[in-house]
1. From the cross-link list A:50/B:90; B:102/B:211; B:163/B:419; B:163/B:528; B:211/B:532, which pairs have alpha carbons spaced over 25 Å apart?
2. From other protein chains only, count the Cβ atoms within 10 Å of every residue's Cβ in A:93-101, then give the mean.
3. What is the mean number of Cβ atoms from other protein chains located within 10 Å of the Cβ atom of each residue in peptide A:141-148, rounded to a whole number?
4. Which angle from 0 to 90°, rounded to the nearest 10, does the C-alpha axis of helix A:279-307 make with the longest principal axis of chain A?
5. From the phi angles alone, apply the Karplus equation (6.51, -1.76, 1.60; θ = phi - 60°) to the range B:469-483 and give each ³J(HN,Hα) in whole Hz, x where the residue is Gly or Pro.
6. Give me the aspartates and glutamates in straight-line cross-link reach of residue B:302: C-alpha distance below 13 Å, same-chain residues under 8 apart excluded.
7. Report relative contact order for the range B:286-503 in percent, whole number only (criteria: Cα-Cα under 8 Å, sequence separation at least 6).
8. Under a plain spin-label model, where a point goes 7 Å from the Cα along Cα-to-Cβ, how far apart in nm are residue B:92 and residue A:21?
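Values quoted throughout were computed directly from the atomic coordinates according to the rules given, and no laboratory measurement underlies them. This is a predicted model, so every value here is computed, not measured. Neighbour counts are summed over all protein chains in view; Cβ atoms, including those assigned to glycine, are modelled from backbone coordinates with ideal geometry.
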Amino acid sequence: MLAYIARRLLATIPVMVMVAVVVFAILRLTPGDPAAIIAGDDATAEQLEKIRQSMGLDMPIHLQLLQWISRLLQGDLGVSLLSGTPVLSMIGDRMGPSLALALGTIVVTVIIAIPLGVVAAWKRGKLLDRTIMTLSVLGFSVPVFVVGYLLIYYLSIQLGLFPVQGYRPLSEGFWPFAQRLVLPVLALSGVYVALIARITRSSIIEVMGEDFIRTARAKGATERIVLLRHALRNAAVPILTVIGIGIASLISGVVVTESVFNLPGLGRLVVEAVLARDYPVIQGLILLFSFVYILINLLVDVLYPVFDPRIRY
Amino acid sequence: MSTKFKAAGRSKAIGMGAAMSLAAILAAPASAQTITAVMQSGLRVMDPVVSTAFITRDHGYMIYDTLLGVNEKFEIKPQMAEKWEVSEDKKTYTFTLRDGLKWHDGAPVTSEDAVASIKRWAQQDSTGQVLMTMVSDIAVADDKSFKVVLKEPTSLLLESLAKLSSRPAFIMPKRIAETPPSESIKEFIGSGPFRFVASEFKPGLKVVYEKNKDYVPRSEPASWTAGGKVVNVDRVQWIAMPDQMTPVNALLNGEIDFIQQVPFDLLPMLENNSDVNVEVLDKLGNWTYYRFNHLHPPFNNKLLRQAAMHAVGQDDVLKALVGNPKYSKTCPAVFGCDTPYANSYGQDIVIPSNIEKAKELLKEAKYDGTPVVILQPTDLAMVAAQPVVIASALRKAGFNVDLKTMDWQSVVTQQGNQKPASEGGWNIFSTYSTLATSGNPFGNTTVASNGKKAWAGWPDVPEIEKLRLEFARATDEAERKKITAHIQKLAINEGVVGPLGQFSVPAAYSKKLTGVLASPITVFWNIKKSDK
């Protein structure tokens, strides 16, 4: 197992290098000029050229790439072209809200979705199953921002239970931290609950037709034992995969939720950086997201044998 | 009574009492003397000499001061300057700084700082560049005074130093002002009424200012950027919110105090709320306009520019952009209506949509169907509607229109491309400016007509350039009005710029705030905040 993990970690290096080069090239080929963004739309060509020179954007692209990679190898992601703030510190600032939102959403999702999926599979074709599946279609279909606005209107504006927006780090106390996460987590969980409940249901239904389930029943196991100990555990692999992908996408791409609830997360930073053509920030973020995806996939792969002993590395 | 209680009803209010009290405590700002404001965008570029972004300019007014200010009567008044004296030949101005001026690090403000700041600003600012062609020397006289020697008399010196909007001539410490103007400054120390709190700055998210306790305000009442900048609160924090609905909800919920610009479609949520004031603070407002590319067909043909100007109607644009006549009005003036150089020439050309006249001109010009590439940014509400209306009017007149959608930053980049539209250039783009910037032939870059050196569109009308220089030299206001009227006529007839109308964007703020000043610049001095 350790050799497998080491091999996988080593394999991340060429992947990261490829990502770095491709992202760098795509950004330089995309229309847009950071100098024009900094100076404003009435800057003269001469002023723009001077700003480009001061930021090193007038150098040939391959030299810019080499300079960036050499800094990267020293752990330096560069500084924002706009604010001059180190990219690493910007990412660090935005990491907290994104992690809190991702983990909060996944915890709530797992707590709600897996029991719902199990019950739906158990009551397959019955009213309860149909109700859960109908609700899950609704969860998929209603956009997150609509759910967000409804939650804000009823729970914040009407009842005054939670703040409308913002983020407080855990260091400022648990309740200020938690109360600002309740609404975004609820809004975002809808989609993931729907997704994971459906995956859980279909995986369990598939497993319920296997020989070992018939054997368990023949040995006199109760339906609860059959469902939870035999079916759910064997159905865990696809569920775990979806949860893993969910965590990765929650960390990198919940721009709408972050915007509606004014959470200063990584998703917003990506959009802001792209719109401002802030190359070092975009490059740093894409590298981070690639690493997160690789790491989470590795973690999911490592967890497979825990649930399904037939899988070995 | 707050909306919260009205909406919840008495029974719900009683039932939810405990939870509401708890939430109210938790949602309350950390200090009653902190103003939390949501500005039009997040602050990222901090140097008001490098960037013309309004948010950077507003940041500048928080932490820096200017030598001169402008009041609501458009009068130039001393601000950091105690006084200025003019020699008999009107070529030498001696400025004297007032007593008690200090930088935020405690050092005194000297005339060396002022001279270095003016020199840096003048290299970057378009009006400053023109001014410097008329200046023979700027020299320090002593610690508190300096002289500006002109080659010829001009009013441009005082007007430039008092310039309201991007780029105002902010005064910085000499060591900072010696940074080349193409490089952003790294240290943010001013002598203005607020101090920048570097430790709490999150680019694009949050910026915090503390009251500058050493600041000595002038004794006159505050008016625009002139008068006493008296700070009555301990802190002001600007928070950026990307979703326009969020600040409205936050203001209704008492989590913030001030929204700089409320989107027109969300105004009904705030206008009838008894806890909120909705008010246009920038009474001058903005003007929106479009530019033709004079270098390439079809708009290198004056007749076709005129055809387009007849086709596009201001009412149609303003309906699409604002949709509320309370906040918009038609105006043909390239220097703005309700400004000293307002002029009505061209109202029959640019205000109504006259498709028949446009068709006649198209025929006369023998338009050959050359496509008109219009750049349409989709991600910025203030500039997204105009291209669609222009495209529709031009199509009705018989133009072959290609509307290219993109993000605003791509428009900004592409608009500088002087090549034909088929090689990445363009034929029309539209934008808007604040009238605080555009009220004269130098602040208003759209009327510059020096060909390829002019702003995007590159009109080449030597007569306008001659008139601009005459304006700079003129010291008599009646003479200046005559010159600007002539520029107006030429700008419309030559299709230098196509005015699309004026609009104001209202601000909204909690009734806990009093003393909010109406000004073309959003200012936070003079404001008091009550606990209830």
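1. Pairs exceeding 25 Å: A:50/B:90; B:163/B:419; B:163/B:528.
2. Going residue by residue through A:93-101 and averaging, the value is 1.
3. Numbers: counts 0, 0, 0, 0, 2, 0, 0, 3.
Partner-chain Cβ atoms within 10 Å, mean over residues of A:141-148: 1.
4. 20
5. 5, 4, 4, 4, 7, 5, 10, 9, 5, 5, 5, 5, 5, 5, 5
6. Leaving aside aspartates and glutamates fewer than 8 places away in the same chain, those within reach of residue B:302 are B:364, B:460, B:494.
7. Values: 452 pairs, mean separation 75.7, N = 218.
After rounding, I find 35 percent.
8. Once both label points are built, they end up 6.8 nm from each other.
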